[in-house]
Amino acid sequence: MTAPLEVVGRSVERSDAVGHVTGRTRFAADRAFPGMLHLKMVRSPLHHARVRGIDLSEAERVPGFVRALTAADVPHNRYTILSLIGVEPEEEFVLAEDRVRFKGEAIVAIVAETEEAAMEAVAKVRLDLDELPAVFDVEEALKPGAPIVTHWGNNTFMYEGHPCRRVRLGDVEAAFARADHIVEGVYNSSPIEHAPLETTGCIAVPEGGRFTVYTNTQALYFSLDNTSIILQVPGNRLHFIGGTVGGGFGGKVDVIVEPIATLAAMKTGRPVRFVYSRSEEMQVSSTRSAWRIYLKDGVTADGRIIARKVTSYADSGAYSRQTPYALTKHAANAAGPYAIPNVSIDAYCVYTNRQPTSAMRGFGVTMASFALEVQMDRIAETVGLDPWSIRFLNAYRNGDMKPHRKLADDATLIETMQAAAALVGHELTAEQQAMTSAPRAGGDPGGR
Amino acid sequence: MASTIVTFELGGREVEVLVRPMTTLQSVLRNQLGQTATKDGCRQGGCGSCTVLVDGEPMASCLLPIEDVAGRRVTTLESLTPAEGLHPVQQAFVDEYAFQCGYCTPGMVMLSKALLDHDPAPNDEAIGQALAGNLCRCTGYRPIVDAIRHASGAMSGHDTEPVR
């Protein structure tokens, strides 16, 4: 005898509901500790510059100033968040060394007795910067002579020695030559800020040789492990407490506040609070990348897509953070949920002097879907089909080989469209109603 | 400039704080009195997460100099919450799942309380008007509107079932 279901199919009160409606939920910045110091950041006012000097003399005289931290204070200053999953090279700086690569890049951390004193001292740090030419567009960044953002001589993340993530299936050029229609499009998107209502922040508290860090990160162990690497302390000296996140959407996975706050706690022996202002959240924290996606499709007169060529550029900004992974995901999805026998995808992670970009809801795939689905409507117009029919005709089925050589085994596009049609009252043809994602009788249409 | 002592009423109790000029009510509540139900989303009057009631009117505490509340009656979420159980507005937010991350919730609850005090049966337009200054980034506003309608029914003694 099976037990009755207690939860499935029922609405259950959330465990955090009473905390949220009474305000008793403790968000990271709701905590306070005796002797707590406040950290504020001196940031680059320029998009790209050489750092010639830092003058702290006036800042140090502000009442309440406790200390300043510069690159020389950070044990392992150059890091890459994704080094934990084998991504190289280390490229981002906790605090800038000889060069700043985006407006807002952290240069000096100021620790003071009060938030106001920290802000005043930040305003009194004098930076000697030599402005350098900057680049803000993905294709401009790839032209010869463009300002170079990275330390390895070009402006792309390198995938096993290649400047882009590549996917190849069949022969797109041969298929274009025999296609009845060629449909081309270019699709652009702007950076998008996650705008969580609670800004990014943490409080690091020294506790007898260990450090307890209360943080609103979405990636607790990523933060702990990266902090361990950056500070060169064993992970067992770090105790990270999180799980309560006042909105993240991918914007709180970047491990930016914890290492420096923990270092400041280490250097002062006191609790240190580092919480972004709203303007830092908007202008400094990662955004979704700006994208430019070129699509070229070869289509038969009856609407079958026989070739798709995708060239995508994601603007990573000055540092790559999670964006190399976004491009890999993108390359696996950039042909869309369609059975296309000839596919070529080049996906570039491009460095520019913009604010770094990183994870955000479906990153890598969201903008691919936007471009592809607008393109599908244009293909439908070109061949004289309605937008539903073009998708039913080209939808992939289980057993079809996807361009990156994964067999489709969870295809649901047809069933999803059937359900969507019912919801909006669109009448499908008898043939469309009868379709399923079950494997095709004749096998994969690409003949693979 | 010298610090001054400001006296106001908080949750039915007189409080006295020593403050520097231009300290905000938000800062006094959170940093001096430890009342952190009042949130800190922007300090620009843009998000509404710091909404409290001053003499029954919803206000963005992040823009309110503490001197301006001298002698006035301040109600925060701490003072709204009964010793046992929940205020009907709080219960309605629970029943309607009117939050996801919860960061906007304190401001939304205070705003809803003020709205229902003024207008026990607000129509959708009145609810929309009332919510215009408070942002929710997660859930969308539909369940919040449902919670206000639900609370309106509960507080008038009928229709206490969830709206959905």
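The table for this structure:
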{"item": "Test: residue in segment B:131-139 that is of a type in the set (Ser, Thr, Tyr), modelled with pLDDT of 95 or more and not assigned by TED's automatic domain parsing to the domain that holds residue B:17", "result": "no"}
{"item": "Selected residue [more than 11 Å from chain A (Cβ to nearest Cβ) and open to solvent by 40 Å² or more (accessible area, probe 1.4 Å)] from B:16, B:78", "result": "B:16"}
{"item": "Failed item in (1) at the interface with another protein chain (Cβ under 9 Å from one of its Cβ atoms); (2) not β-branched (Val, Ile, Thr); (3) not in a helix (DSSP H, G or I), with residue B:85 passing the rest", "result": "(1)"}
{"item": "Only listed residue being within 14 Å of chain B (Cβ to nearest Cβ), of a type in the set (A, V, I, L, M) and either farther than 19 Å from residue A:74 by Cβ or in contact with a Lys or Arg (Cβ under 6 Å, 6 or more places away or on another chain) (or both), chosen from A:245, A:299, A:253", "result": "A:245"}
{"item": "Selection count where residues are within 14 Å of chain B (Cβ to nearest Cβ), part of a strand (DSSP E or B) and without any contact (Cβ under 8 Å) to a residue 60 or more places away in the chain, scope segment A:183-226", "result": "0"}
{"item": "Residues of segment A:132-157 that turn out to be in a loop (DSSP other than H, G, I, E, B) and touching a Lys or Arg at 6+ places or on another chain (Cβ under 8 Å), as a count", "result": "3"}
{"item": "Any hit, segment A:413-424, residues being polar (S, T, N, Q), surrounded by fewer than 16 Cβ atoms within 10 Å (Cβ to Cβ) and not in a helix (DSSP H, G or I)", "result": "no"}
{"item": "Any hit, segment A:228-250, residues being hydroxyl-bearing (Ser, Thr, Tyr), in contact with a helix residue (DSSP H, G or I) (Cβ under 6 Å, 6 or more places away or on another chain), open to solvent by less than 10 Å² (accessible area, probe 1.4 Å) and not assigned by TED's automatic domain parsing to the domain that holds residue A:401", "result": "no"}
{"item": "Close pairs (7 angstrom Cβ cut-off, 6 or more residues apart or separate chains): closer than 10 Å to residue B:57 by Cα in segment B:97-123, modelled with pLDDT under 95 anywhere", "result": "none"}
{"item": "Positions within segment B:1-13 being in contact (Cβ under 8 Å) with a residue 40 or more places away in the chain and open to solvent by 30 Å² or more (accessible area, probe 1.4 Å), in sequence order", "result": "B:4, B:7, B:9, B:11, B:12"}
{"item": "Options B:40, B:68: the member that is within 8 Å of another protein chain (Cβ to nearest Cβ) and of a type in the set (Asp, Glu)", "result": "B:40"}
{"item": "Filtered residue count, segment B:88-138, keeping only those that are outside any loop (DSSP other than H, G, I, E, B), within 11 Å of chain A (Cβ to nearest Cβ) and either of a type in the set (A, V, I, L, M) or over 17 Å from the mean Cα position of the chain (by Cα) (or both)", "result": "7"}
{"item": "Failed item, numbered, when residue A:344 is tested on (1) open to solvent by 60 Å² or more (accessible area, probe 1.4 Å); (2) among the hydroxyl-bearing types (Ser, Thr, Tyr); (3) in contact with a Pro (Cβ under 9 Å, 6 or more places away or on another chain)", "result": "(1)"}
{"item": "Segment A:62-78 residues that are in the same structural domain as residue A:93 (by TED's automatic domain parsing) and modelled with pLDDT of 95 or more, paired with ones that are of a type in the set (S, T, N, Q) and open to solvent by less than 30 Å² (accessible area, probe 1.4 Å) (beta carbon under 6 Å, 6 or more apart)", "result": "A:71/A:77"}
{"item": "Boolean, residue A:13 is acidic (Asp, Glu), surrounded by fewer than 16 Cβ atoms within 10 Å (Cβ to Cβ) and assigned to a loop (DSSP other than H, G, I, E, B)", "result": "yes"}
{"item": "Verdict on residue A:312 being touching a Ser or Thr at 6+ places or on another chain (Cβ under 7 Å), open to solvent by less than 10 Å² (accessible area, probe 1.4 Å), away from every other protein chain (no Cβ under 14 Å) and in a strand (DSSP E or B)", "result": "no"}
{"item": "Within segment B:43-65, considering residues that are buried (at least 24 other Cβ atoms within 10 Å of the Cβ), outside any strand (DSSP E or B) and out of contact with any Asp or Glu (no Cβ under 8 Å at 6 or more places or on another chain), the one nearest to the other protein chains (Cβ to nearest Cβ)", "result": "B:47"}
{"item": "Scope segment B:98-122; condition over 23 Å from residue B:42 (Cα atoms) and either among the charged types (D, E, K, R) or at pLDDT below 95 (or both); matching residues", "result": "B:117, B:119"}
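The values are calculated or read from the model by the stated rules, or taken from the named source; none is laboratory data. Predicted model only: the values in this text are computed from it and were never measured. Here the Cβ is made from the backbone with ideal geometry for all residues, glycine too, and neighbour counts use every protein chain on show. Surface accessibility is based on the protein's heavy atoms, side chains included, excluding ligands, DNA and RNA. Shrake-Rupley method; radii C 1.70, N 1.55, O 1.52, S 1.80 Å.
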